[in-house]
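What follows is calculated from the coordinates using simple rules that are stated; it is not laboratory data. As the structure is a computational prediction, the values presented were derived from the model and not from experiment. Here the Cβ is made from the backbone with ideal geometry for all residues, glycine too, and neighbour counts use every protein chain on show.
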Amino acid sequence: MNLAVFASGNGSNFEAIVKKIKKGEIKINSVVLVCDQPGAFVIKRALKHNIRVILVSRRDFKNRDDFETAITERLKNYRINLIALAGFMRVLSPAFVKKFKDRIINIHPSLLPAFKGACAIKDAYDSRCSSTGVTVHFVDKEVDHGPVILQKEVKIDRADSLASLEKKIHLLEHKLYPQALKLFIEGKIRFKKGRVCFINF
Ligand code: GAR
């Protein structure tokens, strides 16, 4: 099983996944990082763990198709079975999603379908609701949408600041994402009528 992690920024989820692979808790033959931001901290994390980096900056291409074609070309040598989006702040085209059908997984910091978009934690915090959460899901043609693999609630306490809520969410993400990837890699996920079900979970 060969994994490509796509990330644009800090890369804490990327590193959480890599640590589980290094401990042997997730059985992966090779990992490569695909990053669209030349200055992203996730690149430093990848180099620290000796993980190869494919840097494809959107600014170098005139449109999304060319950008995605470049990614696909550069991934060819890696024989990728699974793509994990970990803070990859670009919307992939339906054509790209189709190419890797049921093999692209995303993590989102809310209980989808609530609080889609790039500021999900702040949106939930500002809404004054009593809970939010984390969702790991397969990617389909819509943004922050697709069959849910794992989803877990996080309480928003009165005493929470935005920073403390972010911390709680990220801590949960670092557990939930490796857990969901492990289920996929061990062949424990099946689809029934567009929904995910588990075998021997
Ligand atoms: C994570 O909270 C992830 O859920 C979110 O970006 C953050 C990346 O953090 N993704 C989305 O909002 C996708 N819509 P990281 O770079 O430290 O892993």
Original post:
Checking residue 92 against (1) free of Cβ contacts under 8 Å to residues at least 60 places away in the same chain; (2) within 17 Å of the chain's Cα centre (by Cα); (3) more than 12 Å from the ligand (Cβ to nearest atom); (4) more than 13 Å from residue 14 (Cβ to Cβ), which single condition isn't satisfied?
Top reply: (3)
Original post:
Can you name the residue in the stretch 140-169 that is closer than 26 Å to residue 97 by Cβ and not in a loop (DSSP other than H, G, I, E, B) and, of all such residues, is nearest to the ligand (Cβ to nearest atom)?
Top reply: 169
**OP:** Answer yes if at least one residue in the stretch 102-122 is more than 23 Å from residue 29 (Cα to Cα) and away from the ligand (no atom under 13 Å from the Cβ), and no otherwise.
**Re:** no
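Residues of the stretch 109-139 being β-branched (Val, Ile, Thr) and assigned to a helix (DSSP H, G or I), which ones?
Listed by number, the list holds a single entry, 121.
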**OP:** Being out of contact with any Ser or Thr (no Cβ under 9 Å at 6 or more places or on another chain) and without any contact (Cβ under 8 Å) to a residue 60 or more places away in the chain is the filter here, so list the residues in the stretch 101-112 that pass it.
**Re:** 101, 103, 104
